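> Mind having a look at this structure? Questions to follow.
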Amino acid sequence: MEKWSLMTITVLIALTVRWAVSLGSYSGAGKPPMYGDYEAQRHWQEVTYNLPVRQWYFNTSDNNLLYWGLDYPPLTAYHSFLCAYIAKLINPDWIALHTSRGYESQPHKLFMRTTVFVADLLVYIPAVILYCFSLKETSTKKKASICALCILLYPGLILIDHGHFQYPLSLGFALWAVLCLSYDWDLLGSVAFCLALNYKQMELYHSLPFFCYLLGKCFKKGLKGKGLVLLMKIAGTVVASFAVCWLPFCTDVEQIMQVLRRLFPIDRGLFEACDKVANVWCSLSVLIKIKNIVSPQTQLKLSFAVTFLTLLPTCIKLTIQPSLRGFKFALVSCALSFFLFSYQVHEKSILLASLPVCLIINEIPFMATWFLLVSTFSMLPLLLKDGLLLAYTVTTLAFLSICVASFSIFEKTSAEDLQLKPFSLSLKGYVSWFKSFPKMVKSLFLLSVTLMGVLSLMSAAVHPPQRLPDLFPLSVSVISCLHFLLFLVYFNVVILWDSKNSRSQKKIS
């Protein structure tokens, strides 16, 4: 009972912070003609409720795709329809066709914020709680609550979901999938991940680790016996899950192709969505205007090749030596590779790498805390645009304080604590510098945090030079990108040199 009491307090704290952040302004408030993501979510409710399914993804007189046209998979559309049905019962004006465009009122804001709050409460938060309770490392009554509190107070997700305005469902379903696989409930895990993928196509960032881990388990069981049966069951489950989600759009091929064109608008260019994302292509564009010297087709091929090559070693290792621990680290590495090198990346996509980092915060608290701070910082230009400076400052400082107090992160900077012991041993005679490794890592962390703090302050309070209006956003992007490249190297080293992956792992019990 005491364990649950501690967790109840944890959940209440997490919900209070979320609600406090949601009380501020929202993305695009009072900024016609497009407004922002808040209006996008509201508009999808308008479209899905008033138009037949066959028109949801097509450009018509009633559905102008240039004005926040649906560009997420069917499950997002169904969720929008459900929210619209409830909105219609409260106030039909909120989703009236055409006339509700740009609708702004306090009651509607309360309704929309509540829908995000409920989605968090029903899907994401329970998955976090169960995950933390089930870890062997957090089996004591305090450790599970501490781990859950750190994950639930990760500022990046709170600021995007409850400040910028997004729904946490895709990441919530992905977390449920990880939890199911942890218990060897492979079919349920497959269903949960299919739901995540059919809610947001960006869950492709996590798809290869899921595929390789399950395929590796099948290989391990033997493809002439139980492994083949498991493989067929998983394949059947995935096909059935997709068939159910896409059923209303399977009336003809053109319907399916139109949805796919909306989900993957490759004609827009390498980084059309935003040119100040903390990935490699946007950072390189500061020096080399890639869009001007490389054709869109070549950009696509280059992006695919580099992304594939950077995640290939991790995927091969996971397939050959499937383990739950390796799977969670692979989720981080692959998502980070996609973020840094793939096509059409948005600032918010860093959350796809941040979620699996949250899942291993109990194993490498120092590096996980550092990564999560950088990931939040990398979205600073977007957060400032949404008027979330105060929320960003308070939630970030609170998160850092809780991680320092809960995990004593500065005491866990040795090579062994950072999972680098096997790598250091493989260097044989070249490991003398590892003696000063803890001190060096702490210094780098403090330098990094100081730099992020100074740049955050300057971005909010100092006017950039007239000749360089994007100086601060670009600085945030480039500095964050350099951090992420180092983190990518780090996580790959941990995965590839981890001898534990060849043995039975510490499993979720």
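The values are calculated or read from the model by the stated rules, or taken from the named source; none is laboratory data. These figures come from a predicted structure and were not determined experimentally. In this analysis, Cβ positions are derived from the backbone assuming ideal geometry, glycine residues included, and neighbour counts consider all displayed protein chains. What goes into the accessible areas is simple: the full protein's heavy atoms, side chains included, and nothing from ligands, DNA or RNA. Shrake-Rupley method; radii C 1.70, N 1.55, O 1.52, S 1.80 Å.
> Compute the accessible area per residue over the range 68-143, keeping the other protein chains in place, probe 1.4 Å, unit Å².
Using a 1.4 Å probe on heavy atoms only, each residue of the range 68-143 averages 44 Å².
> Per q in 0.08, 0.09, 0.10 1/Å, what log10 I(q)/I(0) does a Debye calculation on the alpha-carbon atoms of the range 265-499 return?
The Cα Debye sum returns log10 ratios of -0.32, -0.41, -0.51.
> Still on this structure: If the chain between VAL489 and SER401 were fully stretched, how many nm would it gain, using 0.36 nm times the residue separation less the Cα-Cα distance?
Taking VAL489 through SER401 to full extension adds about 29.0 nm, to one decimal.
> With a 1.4 Å probe and every protein chain left in place, work out the accessible area per residue of the range 265-499 in Å², rounded to a whole number.
44 Å²
> By the scheme Lys and Arg +1, Asp and Glu -1, what is the net charge of all other residues having a beta-carbon under 13 Å from that of LEU121?
Net local charge, LEU121 excluded: 0.
> Determine the dipole magnitude for the chain: charges of +1 sit on the beta-carbon of Lys and Arg, -1 on that of Asp and Glu, nothing else is charged, the reference point is the Cα centre, and the result goes in debye to the nearest 20.
About 1600 debye.
> For GLU39, GLU416, give me the order by solvent-accessible area with a 1.4 Å probe, most accessible first, ignoring ligands, DNA and RNA.
Correct descending sequence by accessible area is GLU416, GLU39.
> Same structure again: When the chain is fully extended, how far beyond the present Cα-Cα distance does LEU451 get from ILE316, taking 0.36 nm per residue of separation?
Using 0.36 nm per residue and subtracting the Cα-Cα distance, I get 44.9 nm.
> Among the complete DSSP H segments of the chain, which ones combine at least 18 Å of alpha-carbon extent along their axis with a mean Kyte-Doolittle hydropathy of -1.0 or more?
Answer set is 2-22, 74-90, 106-119, 169-182, 204-221, 226-246, 296-320, 324-341, 365-378, 389-407, 437-461, 471-496.
> Tell me which residues come under 5 Å, amide H to amide H, from ASN279 once H is placed; ignore anything under 5 positions away on its chain.
The list, which skips near neighbours in sequence, is empty: none.
> Provide the net charge surrounding GLN55, with neighbours chosen by a C-beta distance below 13 Å and charges set as Lys +1, Arg +1, Asp -1, Glu -1.
-1
> Got a sec? Which residues in the range 44-72 would a label at ILE266 touch, if it sits 7 Å along Cα→Cβ and we count backbone N under 20 Å?
71-72
> Still on this structure, please answer the following. Which order do GLU104, GLU203 take by accessible area at a 1.4 Å probe, largest first?
Listed by decreasing accessible area, they come as GLU104, GLU203.
> Of all accessible surface on the chain at a 1.4 Å probe, what whole percent is carbon and sulfur?
69 percent
> Right, another one. What nm value, rounded to one decimal, do you get for the distance between MET440 and LEU302 when each label is placed 7 Å out toward the C-beta?
The modelled label-to-label distance comes out at 3.3 nm.
> For the range 166-264, what is the convex hull (Cα atoms) projected area averaged across all directions, in square nanometres?
7.0 nm²
> Separate question: Of LYS328/LYS348; LYS31/LYS276; LYS109/LYS291; LYS136/LYS200; LYS136/LYS221; LYS142/LYS217, which pairs sit farther than 29 Å apart, going by alpha carbon to alpha carbon?
Beyond 29 Å between Cα atoms: LYS109/LYS291; LYS136/LYS200; LYS142/LYS217.
> Let me ask something else about it. Excluding LEU15 itself, calculate the net charge of residues whose Cβ lies under 13 Å from the Cβ of LEU15, where each Lys or Arg counts +1 and each Asp or Glu counts -1.
Neighbourhood net charge equals 0.
> Taking 0.36 nm per intervening residue step and subtracting the Cα-Cα distance, what contour gain separates VAL462 from VAL394 on full extension?
Once the chain is fully extended between VAL462 and VAL394, it gains 22.5 nm.
> Note down the relative contact order for the chain as a percent, whole number, built from C-alpha pairs under 8 angstrom at least six residues apart.
18 percent
> Label 7 Å along Cα→Cβ of LEU496; the range 329-358 residues with amide nitrogen under 20 Å?
Residues 329-342 fall inside that zone.
> When the convex hull of the Cα atoms of the chain is projected onto a plane and the area is averaged over all directions, what value comes out in nm²?
Over every viewing direction, the Cα hull of the chain projects on average to 25.5 nm².
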